[in-house]
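The values are calculated or read from the model by the stated rules, or taken from the named source; none is laboratory data. None of these values were measured; they are calculated from a predicted model. Cβ: placed from backbone, ideal geometry, glycine included. Neighbour counts: every protein chain shown. Ligands, DNA and RNA are stripped out before the accessible areas are found, and what is left, the full protein with its side chains, is counted by its heavy atoms. Shrake-Rupley method; radii C 1.70, N 1.55, O 1.52, S 1.80 Å.
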Amino acid sequence: MTFQEAIKTCLNKYADFNGRASRSEFWWFVLFTVIVGFVIGIIGAIIGKTGSTILSGLVSLALLLPSLAVAVRRLHDVDKSGWWVFISLIPVIGGIWLLVLELTAGNPAPNAYGEPQN
């Protein structure tokens, strides 16, 4: 999946927690959110503290659901429940474990969450 396809897919599935997401879809969307955050930071530095806080909050809020949805679909791809996303709430170890799950290759066969994506 290309960068553009991943962004389009994630935004089209804005709050869709069903199905599976490939590693490329997930990591391209993570890169997109990092780039957006960087650009918002630059714009915020130009417009000032108050405008920056409001703009950053709005963008973070807008990207929260698709980020959470693609993370859950990514976990489905490795045959894990979406509830595993909450393991990141455990300091240090939880975030590392979630990263390992997100880096793991997806199950190539159909699983309880659907068919694998290309």
task: Being polar (S, T, N, Q) and touching a helix residue (DSSP H, G or I) at 6+ places or on another chain (Cβ under 7 Å) is the filter; apply it to the range 37-67 and report the residue that is surrounded by the fewest Cβ atoms within 10 Å (Cβ to Cβ).
output: 56
- prompt: Of all the residues that make up the range 60-114, how many are under 19 Å from residue 15 (Cα atoms) and more than 15 Å from the chain's Cα centre (by Cα)?
  reply: 4
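With respect to residue 67, determine if the residue is part of a helix (DSSP H, G or I) and either modelled with pLDDT of 90 or more or of a type in the set (Lys, Arg) (or both).
Details: part of a helix (DSSP H, G or I): yes; either modelled with pLDDT of 90 or more or of a type in the set (Lys, Arg) (or both): yes.
When the stated conditions are applied, residue 67 passes them.
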query: Among the numbered criteria (1) outside any loop (DSSP other than H, G, I, E, B); (2) of a type in the set (A, V, I, L, M, F, W, C); (3) within 30 Å of residue 117 (Cβ to Cβ), which single criterion is violated by residue 43?
result: (3)
- request: Hey, can you tell me all the residues within the range 80-118 that are open to solvent by 60 Å² or more (accessible area, probe 1.4 Å), touching a residue at least 12 places away in the same chain (Cβ under 8 Å) and not in a loop (DSSP other than H, G, I, E, B)?
  value: 84, 103
message: Looking only at the range 1-31, filter to residues that are in a loop (DSSP other than H, G, I, E, B), within 20 Å of residue 79 (Cβ to Cβ) and of a type outside the set (Gly, Ala, Ser); which one of those is most open to solvent (accessible area, probe 1.4 Å)?
response: 18
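Could you pull out the residue among 34, 70 that is open to solvent by 70 Å² or more (accessible area, probe 1.4 Å) and either under 24 Å from residue 117 (Cα atoms) or among the basic types (Lys, Arg) (or both)? Let's see the steps before the verdict.
Working: 70 fails: open to solvent by 70 Å² or more (accessible area, probe 1.4 Å).
Answer to the selection: 34.
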message: Pull out all pairs, ordered by first then second residue, where Cβ-Cβ is under 9 Å, the residues are six or more apart or on different chains, the first lies in the range 30-55 and is within 24 Å of residue 11 (Cβ to Cβ), and the second is loosely packed, with under 10 Cβ neighbours inside 10 Å.
response: 52/46
- prompt: Which residues, taken from the range 1-23, are touching a Phe, Trp or Tyr at 6+ places or on another chain (Cβ under 9 Å) and under 17 Å from residue 103 (Cα atoms)?
  reply: 1, 6, 20, 21
